[in-house]
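Step one of this worksheet: look at the structure below.
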Amino acid sequence: MESVKTQSLKYYFAVAASILVLVAAALAVHATMKGPVASALTLGLAGLQAVVVVLFSMGLRKEKGFNRLIFVASLMFLGFFIILTLADVLTRGDVAKDEEFNFSIKSPVKPLTGSNHTIDGHPPRHEGRAP
Amino acid sequence: MSHHPDPNASYLESPAGFWPWLKSWLFTLDHKRIGILYFLGIVFSFGLGGFFAMVIRIELLRPHGLMLTHTQYNQVFTLHGAVMVFLFIIPSIPATIGNFVLPLLLGAKDVAFPRLNLLSFYIYLLGAVLAIFSLFSGAVDTGWTFYTPYSTQTGTAVISMTLAAFVLGFSSILTGINFIVTIHKLRAPGMGWFRIPLFAWATYATSIIQILATPVLAITLVLLILERTLGLGIFDPALGGDPVLFQHFFWFYSHPAVYIMILPAMGVMSEIITTHAQKDIFGYRFVAFSSIAIAVISFLVWGHHMYVSGQSLYANMIFSVLTLLVAIPSAIKVFNWVATLYGGHIHWRVPFLYAMGFIFLFLIGGFTGIILALLSLDVHLHDTYFIVAHFHYVMVGGTVMAFVGALHHWWPKMFGRMYSENWARVAFVLVFLGFNLTFFVQFILGSKGMPRRYHNYLDQFQPLHAFSTFGSWVLGLGFIVMTVYLIHSAFRGKKAPANPWESRTLEWQTASPPTTGNFEGTPTVTGGPYDYPRAGAAAGRNGRPE
Amino acid sequence: MSQVPRKEHHAAHHFDDAVQERDAALLGMWLFIGQELLFFGGLAVLYIVMRLQHPGAFVEGSGHLSWKLGGLNTAFLVVSSMTLGLAIRSAKRDEAGKIVPFLGATFLLALSFLVVKGFEYSEKIHHGLVPGKWFSAIGADPSLHVFFGMYFATTGLHALHVLIGMGLLVWLMLRARRGHFHSGYQTPLDLVNLYWHTVELIWIFLFPALYLVS
Ligand SMILES: [Cu+2]
């Protein structure tokens, strides 16, 4: 019977144990720290666990070049998704705030004031509306 | 259960009797037959979407409507969009032409996963059934974009239609996986990466988008369904959600989806132009890599659909610059096709006419795209008929022209029959003319301020709207003529020779229609895909199987 | 040798050989994992944006979750991944008698995961934390339901993947019993292994993202 090379039992135990140690570390962080630093640390530890899973359990360490490329490219496109969405979410409305100091393009236009939606006392026009 | 056809008989040959015949089609694992099954589904969808288009145009003959209520009008344009996008254009070239031609182009016996391929078809069918069910259960009226918060509130059938799009997405992902693996693993001996016909490169780039963008549509639609049924509070501002975020999600898929539509069309162009001009492609690597470049850039530009959505102006600026980048690889392709023609032996056959139609209309579609990518102009033109005209020039003028061109180019191979060249020319003139009559005026309408998706409009727009409607009848007539002579050809047409266009690519080096096993033996490749003899040079310097 | 009869595998007709067939299958699976990453990646984007917009709701909501149960579930998945790996190792070493027990252990660990998840869900339902019209909890943060919307959407979709994985494990056990897997052929085991690790991978991020917010 032909025999295929396999990893030792220790290899499997070590992979599982190292992930569980990292999980325990994340729980320790959660128990002792608060705030954004704690979140960053627990998520960072999750990232390390993921690296162990991807490289050693899924075998990406020894995979063919193109299969690695697929994985990296997927993460890259996900990165684009996150970054460009945040480019909107994190700066939404900032132009109105920065406008006066940086651009002043809107200065001749004054925002509407008052509670009713009229312009200079005229009611809004309704031409072209369906009968 | 499965019937084992003779690998050396025509793939169209079926066992005698109706039920064995039907079974041999419904359980087929042959990529060519699956391509034909898709073809039937896609033609049906095109007819359905086209019917809705005609209803829209007739309704717009008069400024205050003709026969529909406001809600019905909203339903009709939504169904036109949803059917045409999800059921027709996205699967059109990859699923029919791709399934049929790709393994032949590569010299393979089949796609990598034939069972998965058949499964993709049935998933497509399930999606189509859901979409049609949705039609009759309170047709959706949100526009094919399903924008929140309206889509979480309207009383029409949002869930069944989004479920249909979700299911169709699965079909698309599985087809993409199948094609990438096929191109990687099943090329004929000697076919290195730079000897692959360019249609395969284009299919490859398309598949990348199908695999990596479609799952985002899937999660978007799942979240939309959950938001509508459970009220998660993620897209609905009343619950603390962010409706602009829905647009990010939707367009992260749907902009790349535009390239799922156009990239295979570009691949078709390269095949038609080289064959009918009997000339090697100008700048093979540039054409090949521009497909990949378009696929990658297409993931970075989705925000250009959201300039006036309340998206941050800084994001607008970033997206505007990134969008303009797409023009570069697109232009590389157009320049290279035109350069390919130089010094070629051009045969003005019908597929070539469609290729020229594509270049002309895609140019207009592309240039107006640049206009719309610019923030300052888009703010004025957004949500007007200018946009409608722009994307119809890209999708119909681009993809549909290429799809019809591909259909004529590979028709003799698919069915082993020739079509009437003269009737096909008549149909081309009607389609090309009708298309321009319908949509060119819409650029004018849009720039004069006619908003899209409106049921009623100002009286002053009536002449242009009527003109567009008349154009749509010419366009419709063209497709009717085409349907008639193609059906006639499929049953009564003259028998086609193996290689009527004297093409060099592998699919023409086997019988028309091909045998079930595709090739006798495995073809070996010793040269590029387009090694046409140059004027004056000796013919036949590559060793292809005859 | 073992008592399980060995069944040889033959490559499908359109492949040159078994190696090409196996490479094609693995490539297809990696592509599928790519789409899984983008599918759950969409949820990651949603999570980031929602957490930025409702930070208080996430801190409060996370406090309602038990890190003990979540941690237990993490351990279940990590160990199940190990037993699945050991099943493949047994196949490669032609220890056919050990494949089904290892697959069975993987299945039971997956089931335990779902049982714990079920307990967590029923507790949330009991406390009126299911979003939408069932939401009756009154939190300190007005958008507490957004957190639980995220919680149920992400863990629900993940649990669905666990369920699919359990179905695949049953399929593998049936095939293993018929002697399909041995040193000459383990492709289906490898494919499910990749899928199962992807499910583990997603949970690895869900756990701190939902249970450990402070
Ligand atoms: Cu776009």
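The values are calculated or read from the model by the stated rules, or taken from the named source; none is laboratory data. Keep in mind that this is a model prediction, so the values were computed, not measured. Here the Cβ is made from the backbone with ideal geometry for all residues, glycine too, and neighbour counts use every protein chain on show.
Below are the figures for this structure:
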{"read-out": "Qualifying residue in segment B:170-185 (condition: closer than 30 Å to residue C:132 by Cβ and surrounded by fewer than 24 Cβ atoms within 10 Å (Cβ to Cβ))", "value": "yes"}
{"read-out": "Residue within segment B:486-498 that is β-branched (Val, Ile, Thr), modelled with pLDDT of 90 or more, under 17 Å from residue B:414 (Cα atoms) and part of a loop (DSSP other than H, G, I, E, B) present", "value": "no"}
{"read-out": "Residues (without any contact (Cβ under 8 Å) to a residue 24 or more places away in the chain and of a type in the set (Gly, Ala, Ser)) located in segment C:166-214", "value": "C:167"}
{"read-out": "Filter result (part of a helix (DSSP H, G or I), within 12 Å of chain A (Cβ to nearest Cβ) and within 13 Å of the ligand (Cβ to nearest atom)) within segment B:283-304", "value": "B:297, B:298, B:299, B:300, B:302, B:303, B:304"}
{"read-out": "Check on residue B:268, in contact with a helix residue (DSSP H, G or I) (Cβ under 7 Å, 6 or more places away or on another chain) and over 30 Å from residue B:437 (Cα atoms)", "value": "no"}
{"read-out": "Residues located in segment B:58-99, provided they are charged (D, E, K, R) and outside any loop (DSSP other than H, G, I, E, B)", "value": "B:59"}
{"read-out": "Listing of helices (runs of 4 or more DSSP H) fully contained in segment C:1-119 that carry 3 or more residues being away from chain B (no Cβ under 12 Å)", "value": "C:55-63, C:67-92"}
{"read-out": "Exclusive hit being touching a Phe, Trp or Tyr at 6+ places or on another chain (Cβ under 9 Å), at negative phi, away from chain C (no Cβ under 14 Å) and crowded, with 24+ Cβ neighbours inside 10 Å, set B:206, B:274, B:220", "value": "B:274"}
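Yes/no matrix, rows are residues, columns are (1) closer than 19 Å to residue B:322 by Cβ; (2) within 12 Å of the ligand (Cβ to nearest atom):
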| site | (1), (2) |
| --- | --- |
| B:227 | no, no |
| B:233 | no, no |
| B:240 | no, no |
| B:244 | yes, no |
| B:255 | yes, yes |
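Matching residues to (1) surrounded by fewer than 17 Cβ atoms within 10 Å (Cβ to Cβ); (2) outside any helix (DSSP H, G or I); (3) at positive phi; (4) acidic (Asp, Glu):
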| residue | (1), (2), (3), (4) |
| --- | --- |
| C:128 | yes, yes, yes, no |
| C:147 | no, no, no, no |
| C:156 | yes, no, no, no |
| C:170 | yes, no, no, no |
| C:179 | yes, yes, yes, no |
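The rows are residues; the columns are (1) within 7 Å of another protein chain (Cβ to nearest Cβ); (2) under 26 Å from residue C:23 (Cβ atoms); (3) surrounded by 13 or more Cβ atoms within 10 Å (Cβ to Cβ).
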site: A:9; (1), (2), (3): no, no, no
site: A:27; (1), (2), (3): yes, no, yes
site: A:30; (1), (2), (3): yes, no, yes
site: A:37; (1), (2), (3): no, no, no
site: A:61; (1), (2), (3): no, yes, no
